[in-house]
Amino acid sequence: MPSKQEIYEKVVATLVDSLNVDPEEIRPEATLQGDLGAESIDFLDIVFRLERGFGIKIPRGELFPESIFQGDPEYVQDGKVTPKGIELLRQRLPFADIDSFAKDPQVNKISDLFTVEMITRYIESKLQAEEVTAPSAS
Amino acid sequence: MRWVWIDRFVAFEPGKRARAVKNLSQAEDYFRDHLPGYPVFPATLLLEGLAQTGGILAGQAGDFRHNVVLAKIHTAQLHREVYPGEMLEYEVELVDYRAEGATVRGRALVGTELVAEAEILFAHVSPDKTTGSGSAAGNFVFTGDLKKLLGLNRLLPTQPSPSTTGPD
């Protein structure tokens with residue numbers, strides 16, 4: 001199992017390829033859309049590259065869920081995510097920094113949850129899970 | 001007129017790879033302007049041909065249920081110009097495939113000479129997600145008799161079809 005740093009470096013290389021950005025622009029807290037200029041189609045590209053690069057399967061919506069709230073007023077009111085919505089975010093995006101987001105939960109800032117660190121943590125958990133199910137694999 | 005930039009499929013392995021040809025004729029309109037006095041096949045159309053070969057390979061992998069839309073060309077290398085009278089052969093292989101889209105790697109050859117290569121990402125748009133009417137609604141990519149037109153009917157495994165048309 002690669003170390004977190006090794007995973008991070010590979011995630012960076014993936015993003016450099018996919019988004020055509022300089023490695024220097026990439027920090028753990030960099031947001032995919034705001035900082036790195038990812039567009040919606042790039043998310044599919046990133047998923048393909050991560051699957052290939054790490055040899056894992058990423059089920060649809062697991063890393064980058066689409067329309068989490070579906071316009072439900074229980075989850076979003078006056079442009080802010082409700083406490084119930086925050087709970088839903090914790091379930092759907094367990095690797096994102098929801099605590100920081102919850103301090104000022106503006107719904108139009110949701111895209112900031114998708115950071116390099118979030119992808120790294122997701123991949124780390126995926127690889128750990130695989131190690132548990134296949135302990136003999138080196 | 002359909003926007004078709006391949007003439008015919010010559011090989012098709014479902015879900016894996018496909019090969020199509022495109023003959024370049026001096027009679028095609030664009031050669032008059034591209035370039036005046038020096039006819040060269042526009043690289044954009046070459047990429048379109050590669051994308052169509054790959055898009056149909058990806059489309060068939062999903063049984064033509066999705067609209068396969070060109071989303072991104074990762075890399076494209078053009079090794080030399082292509083001229084009227086030459087026959088392009090587009091070879092593509094399906095690199096990634098999932099419900100949301102596909103990636104293909106393609107090469108364009110004239111004879112055995114590699115003239116271009118590209119990696120292309122497609123996104124799937126479900127017919128039920130499209131809005132509007134007419135050509136923008138429903139399945140707007142794989143319409144009409146495309147399979148017959150491109151010789152795919154002969155290459156794909158036979159499926160029960162209501163069509164009574166014989167082989168061309």
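Only the coordinates and a few stated rules stand behind these numbers; no lab work does. These numbers come from a predicted model, not from an experiment. Glycine gets a Cβ as well: all are built from the backbone with ideal geometry, and neighbour counts include every protein chain shown.
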Item to check | Over segment A:70-111, equivalent-ellipsoid semi-axes from the Cα gyration tensor in Å | outcome: 15, 11, 8
Checklist entry - How many Lys pairs in the protein assembly as shown lie less than 24 angstrom apart by Cα atoms, where the lysines are 8 or more positions apart or on different chains? => result 20
Checklist entry - In percent, what relative contact order does segment A:70-111 have, based on Cα pairs under 8 Å that are 6 or more apart in sequence? => result 38 percent
Checklist entry - So what is the relative contact order for segment A:1-103, in percent, with contacts set as C-alpha pairs under 8 Å and at least six apart? => result 16 percent
Checklist entry - At A:LYS109 and B:GLN77, where each label point lies 7 Å from the Cα along Cα→Cβ, what is the point-to-point distance in nanometres? => result 4.5 nm
Checklist outcome for this item: Using alpha carbon positions and the Kirkwood radius, the Rg to Rh ratio of segment A:1-76 is 1.02
Next on the checklist: Let me confirm one metric for peptide A:37-43, namely the mean number of other chain beta-carbon atoms within 10 Å of its residues' beta-carbons.
Outcome noted: 2
Checklist entry - How far, in degrees from 0 to 90, does helix A:40-54 lean away from the longest principal axis of the Cα atoms of chain A, to the nearest 10? => result 30 degrees
Checklist outcome for this item: Note on segment B:8-155: the mean projected area of its alpha-carbon convex hull, in nm², is 9.3 nm²
Checklist outcome for this item: proj_area_mean for the protein assembly as shown (convex hull on C-alpha atoms), units nm², value 21.8 nm²
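Would you calculate a helix-derived [θ] at 222 nm for chain A, using -39,500 (n - 2.57) for each DSSP H run of n ≥ 4 and dividing by the full residue count, to the nearest 500?
-15000 deg cm²/dmol
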Checklist entry - So how tilted is helix A:83-92 from the main axis of chain A? Cα-based, degrees 0 to 90, rounded to 10. => result 20 degrees
Next on the checklist: Taking 0.36 nm per residue of sequence separation and subtracting the Cα-Cα distance, how much length would be gained by fully extending the chain between B:THR44 and B:VAL95, in nm to one decimal?
Outcome noted: 16.2 nm
Item to check | Average beta-carbon neighbours from other chains, 10 Å sphere, peptide B:92-100 | outcome: 3
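Using Cβ counts within 10 Å as a stand-in for footprinting exposure, how do A:THR133, A:THR120, B:THR75, B:THR103 rank, fewest first?
Working: A:THR133 7, A:THR120 20, B:THR75 10, B:THR103 24.
Least crowded to most crowded, the residues run A:THR133, B:THR75, A:THR120, B:THR103.
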Checklist entry - Rounded to whole Å and sorted largest first, what semi-axes of the equivalent ellipsoid does the C-alpha gyration tensor of segment A:40-138 yield via the square root of 5 times each eigenvalue? => result 29, 14, 11
